[in-house]
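S.K.: Have a look at this one before I ask anything.
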Amino acid sequence: MQGIIHLDDIRKNYFLGKQVIEVLKGISLEIFKNEYVALMGPSGSGKSTLMNILGCLDTPTGGNYVLNGKDVSRMSDNDLADVRNKEIGFVFQQFNLLPRLTAVENVALPLVYAGIPKKQRIEKALHVLDMVSLADRSHHKPNEMSGGQNQRVAIARALVNDPAMILADEPTGNLDTKTSYEIMEIFGKIHASGNTVVLVTHEEDIAAHARRVIRLRDGVIESDKMTQAASRV
């Protein structure tokens, strides 16, 4: 059985003049539906590059990447943009919300690109805001909400298209400890409802919420282990 994410010998090189910098040196990886995976590694390990490839924000120099049955490693930029909108829900450290839009308008934005009629967009956006306990803030703008509330809006936006996976890059990086714990509880609920979650973090206590931790070092996978959270399920 092939996973939602199937990486086969993924390599990524950057070129500085005649110098070749090998960032990823042959990553092979399988992530299955409804897994909850944390991706870790020190600065320079290739973690961010791998996340960009997983999110179809960058293409590998070599190897194959199959996402939800589609070989995305050879796709054009336009096709990759389509895959990003339909298959991946992104959550970023900086929230990346549009300041002039309300919460419900920010959440509905991916549905605009998908060509969904306005009434359905608003209904779906309100539904996912309710899932992250933020329906009462639907008409507030980002500057009228706390960092934790803005991150909930960002999570709702990631969920609104029913993506194949949620890809979260340091989602608690700008939040205090209490708010971070609340956000990780939401990710736990998202996973429990059947979603696939891939979390990029450098914090051990955040990674401990996942069921599986993959550690990178010097462009290769150093370890790939189930966590204590997985054994408690």
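Read the figures in this text as sums done on the coordinates, not as results from a lab. Bear in mind the structure is a predicted one, so any value in this text is a computation, not a measurement. Reconstructed Cβ throughout: ideal geometry from the backbone, glycine too, with neighbour counts over all protein chains shown.
S.K.: Note down the nm distance, to one decimal, between modelled labels 7 Å out along Cα→Cβ at S43 and at E182.
M.R.: About 3.1 nm, to one decimal.
S.K.: Which lysines, if any, have their Cα less than 26 Å from the Cα of K141, not counting same-chain residues under 8 positions apart?
M.R.: Partners found: K86, K118, K119, K124, K178, K189.
S.K.: Describe numerically, in nm with one decimal, the distance between label points set 7 Å from Cα along Cα→Cβ at N96 and at H139.
M.R.: Label-label distance for N96 and H139, simple model: 2.9 nm.
S.K.: To test your reading of the geometry: what angle, between 0 and 90 degrees and rounded to tens, separates the Cα axis of helix 177-192 from the longest principal axis of the chain?
M.R.: 80 degrees
S.K.: On to the next question. Report the dimensions of the stretch 16-172 along its three principal axes from the alpha-carbon atoms, largest first, rounded to Å.
M.R.: Its Cα atoms span 53, 33, 31 Å along the three principal axes.
S.K.: Here's something else I'd like to know. If each DSSP helix of 4+ residues adds -39,500 (n - 2.57) and the sum is divided by the residues in the chain, what number results at 222 nm, nearest 500 deg cm²/dmol?
M.R.: Details: 8 runs with 82 residues, N = 233.
One gets -10500 deg cm²/dmol as the mean residue ellipticity at 222 nm.
S.K.: Sticking with this one: What is the angle, in °, between the Cα long axis of helix 103-113 and the longest principal axis of the Cα atoms in the chain? Nearest 10 is fine, range 0 to 90.
M.R.: 60 degrees
S.K.: Follow-up question, since we're still on this one. If the cut-off is 18 Å between C-alpha atoms, which aspartates and glutamates fall inside it for K33, apart from same-chain ones fewer than 8 positions away?
M.R.: D8, D71, E87, D162, D224
S.K.: Going Cα to Cα from K225, which aspartates and glutamates come in below 14 Å? Please leave out same-chain ones fewer than 8 positions away.
M.R.: Within reach: E30, E35, E204.
S.K.: I've got another one for you. Once you charge only the Cβ atoms, +1 for Lys and Arg and -1 for Asp and Glu, what is the size of the charge dipole of the chain about its Cα centre, to the nearest 20 debye? Could the numbers behind the result be given before it?
M.R.: Details: 27 positive and 28 negative charges, 64 e Å.
Dipole magnitude for the chain comes out near 300 debye.
S.K.: On to the next question. Can you give me the angle between helix 147-159 and the longest principal axis of the chain, using Cα atoms only, in degrees from 0 to 90, rounded to the nearest 10?
M.R.: Between helix and principal axis, roughly 70 degrees.
S.K.: Computed from the mean reciprocal separation of all distinct C-alpha pairs, what Kirkwood hydrodynamic radius does the stretch 41-91 have, in Å?
M.R.: On the way: mean 1/r = 0.0869 Å⁻¹.
When all Cα pairs of the stretch 41-91 are included, the Kirkwood radius is 11.5 Å.
S.K.: Additional query: Mind checking which of P110, L167, N78 is farthest towards the positive end of the stretch 78-233's charge dipole, using Cβ charges of +1 (Lys, Arg) and -1 (Asp, Glu) about the Cα centre?
M.R.: Comparing the listed Cα positions along the dipole, P110 ranks first.
S.K.: Hey, another quick one. Roughly how many whole Å is it from the C-alpha centroid of the stretch 1-53 to that of the stretch 76-133?
M.R.: A separation of 26 Å, based on Cα centres.
S.K.: So, one more: Based on the mean of other beta carbon atoms within 10 Å per residue, what is the order of 74-83, 160-169, 208-217, most packed first?
M.R.: Output ranking for 74-83, 160-169, 208-217: 160-169, 208-217, 74-83.
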